[in-house]
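Asker: If you scroll down you'll find the structure; I have some questions about it.
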Amino acid sequence: MTNGPGEVLLTSRSLSAWYGAAQVLFDVEIEVGRGEVVALMGRNGAGKSTTLKALMGMLAKRKGTVRFLKEDISRHRPFQVARMGLGFVPEDRRVFSDLTVLENLQVGRQPARQWADGSPAPHWTLEELFKLFPNLGEMPARPGGRMSGGEQQMLTVARTLMGNPLLVLLDEPSEGVAPVIVDQMVTMILRLKSAGVSILLSEQNIHFAQLVADRAYVLEKGHIRYSGTMHELQRDEDVRCAYLSI
């Protein structure tokens, strides 16, 4: 496998998962390094969201090994994984509709973190998040249920960042939001990367992924069919036509 620019933060080995009796992931092996953005790509139903949920410990039936910060988290529950610094932004957003923007953010607060060498990890304050997401800064008292889909997407990302994650699992950030929000998502991901946050994002829009990602994996029917740099994927027309409908 290709290493990222820094130490490896997250790995899966022979990761398989089921919904009931139906197997949906087959021996998925991925890794994400410190300071990189990795795109998990594929058509609808390829297993992208399922992979993120399996990494986060959200599926009842799975096998294989998941390691985060060199610790085996294969049997950890989601709240334990989150406390270690692995953040998850679901596709369906799941904001607290009756809570205000500010209250939603406070729900996600966790203490500051350090890297293994003792250096400080990215730490997010409300002020910094409102700079990153100026739309949220203009509506701190607005209930989550009275926000647009794009605004809720931003709020979900910001709430996750309040946990000071070392790595964020970001599920379909460009899906179902206006183009102006997509542009803001690109800017946000690049700013997170520059701040030292690693990201594994599921995405089917290669044009979005190529703006932010260093490397890519391509899933098809729960199998990894391709692994390489984003530049290599852009040049590989056979893979794109076979698995991404491009």
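The values are calculated or read from the model by the stated rules, or taken from the named source; none is laboratory data. Everything numeric in this text was worked out from a predicted model, so none of it was measured. As a convention, Cβ positions derive from the backbone with ideal geometry for all residues, glycine included, and neighbour counts pool all protein chains shown.
Asker: Please go through segment 126-173 and pick out each residue that is among the basic types (Lys, Arg) and under 15 Å from the mean Cα position of the chain (by Cα). Quick ask: steps written out before the conclusion?
Answerer: The first filter runs over segment 126-173 and keeps only residues among the basic types (Lys, Arg), leaving 131, 142, 146, 159.
Listed by number, the list holds a single entry, Arg159.
Asker: Which of the residues belonging to segment 235-246 are surrounded by 14 or more Cβ atoms within 10 Å (Cβ to Cβ) and in a helix (DSSP H, G or I)?
Answerer: Val239, Arg240, Ala242, Tyr243
Asker: Would you check if there is a residue in segment 209-221 being on the phi < 0 side of the Ramachandran plot, hydroxyl-bearing (Ser, Thr, Tyr), modelled with pLDDT of 90 or more and in contact with a Pro (Cβ under 9 Å, 6 or more places away or on another chain)?
Answerer: Pass one, segment 209-221, residues on the phi < 0 side of the Ramachandran plot: 209-220.
Retained after the next criterion (residues that are hydroxyl-bearing (Ser, Thr, Tyr)): 217.
Now narrow it down to the ones that are modelled with pLDDT of 90 or more: 217.
Applying the additional criterion that residues be in contact with a Pro (Cβ under 9 Å, 6 or more places away or on another chain) yields none.
Checking segment 209-221: not a single residue is on the phi < 0 side of the Ramachandran plot, hydroxyl-bearing (Ser, Thr, Tyr), modelled with pLDDT of 90 or more and in contact with a Pro (Cβ under 9 Å, 6 or more places away or on another chain).
Asker: Scan (1) under 17 Å from Asp171 (Cα atoms); (2) at pLDDT below 95 for the single condition Leu55 breaks and write down its number.
Answerer: Unmet condition: (2).
Asker: Let me ask another. Working only within segment 199-229, note down all residues that are free of Cβ contacts under 8 Å to residues at least 60 places away in the same chain, assigned to a helix (DSSP H, G or I) and buried (at least 19 other Cβ atoms within 10 Å of the Cβ).
Answerer: Result: Phe208, single match.
Asker: In segment 117-162, what residues are among the polar types (S, T, N, Q) and farther than 24 Å from Leu86 by Cα? Steps first, answer last, please.
Answerer: Within segment 117-162, the subset among the polar types (S, T, N, Q) is 119, 125, 135, 148, 152-153, 156, 160.
Hits for segment 117-162 are Asn135, Ser148.
Asker: Right, next: Within the set of pairs 6 or more residues apart or between chains, which connect a residue that is free of Cβ contacts under 8 Å to residues at least 40 places away in the same chain inside segment 230-244 to a residue that is surrounded by fewer than 16 Cβ atoms within 10 Å (Cβ to Cβ) and among the small types (Gly, Ala, Ser) with Cβ atoms less than 7 Å apart?
Answerer: none
Asker: Just to verify a result, which residue in segment 85-102, among those that are of a type in the set (A, V, I, L, M) and at pLDDT below 95, is farthest from the chain's Cα centre (by Cα)? Let's see the steps before the verdict.
Answerer: Residues of segment 85-102 that are of a type in the set (A, V, I, L, M), as a first pass: 86, 89, 95, 99, 101-102.
Among the residues that remain, those that are also at pLDDT below 95 are: 89, 95.
Values: Val89: 6, Val95: 16 Å.
Restricting to residues being of a type in the set (A, V, I, L, M) and at pLDDT below 95, the top hit is Val95.
Asker: Follow-up question, since we're still on this one. Under 14 Å from Val95 (Cβ atoms) and either polar (S, T, N, Q) or not in a loop (DSSP other than H, G, I, E, B) (or both) - does that describe any residue in segment 115-123?
Answerer: So the first thing to find is which residues in segment 115-123 are under 14 Å from Val95 (Cβ atoms), and the list is none.
The answer is no; no qualifying residue exists.
Asker: Inspect segment 179-194 for any residue being surrounded by fewer than 21 Cβ atoms within 10 Å (Cβ to Cβ) and not in a helix (DSSP H, G or I) and give the result as yes or no.
Answerer: no
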